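First, the structure itself, so that you have it in front of you.
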Amino acid sequence: MPAYLGIDLGGTSVKLGVCGPAGDVRARASLETRVTAGSDDAMRRITDAARELVAEAGTVAACGVGVPGEIDRARGLLVRASHFPDWADVPVVARLSGTLGTSVTLENDANCSAWSEARAGAGRGVRSLACFTLGTGVGGGVIIDGDLWTGAGGAAGALGHIVVDPNGPECRCGQRGCVEQYASATAIARRFGRGSARDAFDAARRGEPDAVATVEWACDGLAAGVANLIHILQPDVVVLAGGVAAAGDALVDRVRRGVARRVRAAWLAPVRIVCSSLGDDAGWIGAALWAAR
């Protein structure tokens, strides 16, 4: 059976893995991104790690890379990413293809997560799916009629920039009140004020009032974005992925309640709202399976 290499470039870490055509994991690795050290440093270490992983797993038929931000698919560049200051026009495909000796496909990281959930995860077999990736920022990907929808210019699925309060917190994109300013790990930690997003959810489970208030605020902002998405697309499945989704029921139950307050029951009934079933592997598996496609 052929094997495919996937790479998921995140703001904190880079996850790599080799899987089969059904998403079955054969090997995996990870390393720190070290964003402030610059793109050259990161690409050198990613290339070394990819080479080692391929040596361990055997020959791969293709490689896929998921990156945050704006990409130039034709030239294989990461053009810019808001959480990666000073990274510009990074030649991701050229750096990797020359070393690995195989074809390399570049795609947005959240699109990769959506693809993995549709092909091998919580939405396996559905015709339509939307995925919110909740990490350093909030990304998104949309599957329509079984295929990835990237829009007229390749930028569709920016679900983190759905505005849920036009008078809300200022966002890096220039708007106010984007979903990202409520449901990202960064926003939750900032609101909580005494630890990470994980710390906020842990403290909320213990019933600490400020943590409960923070988690409710974050989940309600996310619920508003999910409700807007359902009003536009009404997909079969909405998947919540990324590090924040590790909170599991503490996240998804609150989001479901918030969506139910906003969407008519008849319109909501056919839609499932779930957490990712692939966890930390979703991004790299999606990148690998997109390359396989």
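No lab work stands behind these numbers, since they all come straight from the coordinates. Everything quoted here is computed from the prediction, not taken from an experiment. Ideal geometry is used to build each Cβ from the backbone, glycine not excepted, and the neighbour counts take in all protein chains shown.
Please compute the net charge surrounding Val25, taking Lys and Arg as +1 and Asp and Glu as -1 over other residues with Cβ under 12 Å from its Cβ.
For residues surrounding Val25, the net value is 0.
If you find the alpha carbon centre of segment 216-251 and of segment 110-171, how far apart are they in angstrom?
Going from one Cα centre to the other spans 11 Å.
What net charge is computed for the residues neighbouring Arg80, neighbours being all others with C-beta under 9 Å from the C-beta of Arg80, Lys and Arg scored +1, Asp and Glu -1? Mind dumping the intermediate values first?
Details: positive: none; negative: Glu70, Asp89.
Its environment carries a net charge of -2.
How many times 2.2 N^0.38 Å is the alpha carbon radius of gyration of the chain?
0.96
Here is a follow-up. What distance in nm separates the simple spin-label points at Arg261 and Asn167, each placed 7 Å from Cα in the Cβ direction?
Between Arg261 and Asn167, the simple spin-label model gives 1.8 nm.
Quick check: pseudo-label points 7 Å beyond the Cα along Cα→Cβ at Val212 and Ile144, how many nm apart are they?
Spacing of the two 7 Å Cα→Cβ label points: 4.2 nm.
Be a star and scan segment 199-219 for residues whose amide nitrogen sits under 20 Å from the point 7 Å along the Cα-to-Cβ vector of Leu268.
215-219
For the chain, what does the helix formula give at 222 nm: sum of -39500 (n - 2.57) over DSSP H segments with n ≥ 4, over the residue count, nearest 500 deg cm²/dmol?
-12000 deg cm²/dmol
Which residue, Ile188, Trp290, Val274, has the largest displacement toward the positive end of the dipole of the chain when charges sit on each Cβ (Lys, Arg +1; Asp, Glu -1)?
Checked the options; the winner is Val274.
Let me ask something else about it. In a shell of Cβ-Cβ distance under 9 Å around Arg34, excluding Arg34 itself, what net charge do Lys and Arg (+1) and Asp and Glu (-1) give?
Once positives and negatives cancel, what remains is -1.
Then there's this: Have a look at Ala81, Ala62, Ala282 and tell me which one the Gaussian network model of the chain (Cα, springs below 10 Å) gives the largest fluctuation.
Of the options given, Ala81 has the highest mean-square fluctuation.
Quickly work out the Arg194-to-Ala27 label distance, labels modelled 7 Å from Cα along the C-beta direction, and quote it in nm with one decimal.
The answer from the label model is 4.6 nm.
In segment 1-125, if the dipole is taken from +1 on Lys/Arg beta carbons and -1 on Asp/Glu beta carbons about the Cα centre, which of Ser13, Leu100, Gly23 is farthest to the positive end?
Highest projection toward the positive end goes to Gly23.
In addition: In a GNM of the chain with a 10 Å cut-off on Cα contacts, which of Ala250, Ala152, Ala260 has the highest mean-square fluctuation?
Ala152
How big is D, in µm² s⁻¹, for segment 151-274 by Stokes-Einstein at 37 °C and 0.692 mPa s if Rh is the Kirkwood radius over C-alpha pairs?
Stokes-Einstein gives a translational diffusion coefficient of 221 µm²/s.
Sequence gap at least 6, Cα distance under 8 Å: using those rules, report the relative contact order of the chain to the nearest whole percent.
Reported as a whole number, the value is 21 percent.
How would you rank 14-22, 222-230, highest first, on the average number of other Cβ atoms within 10 Å across their residues?
For the peptides 14-22, 222-230, the packing ranking is 222-230, 14-22.
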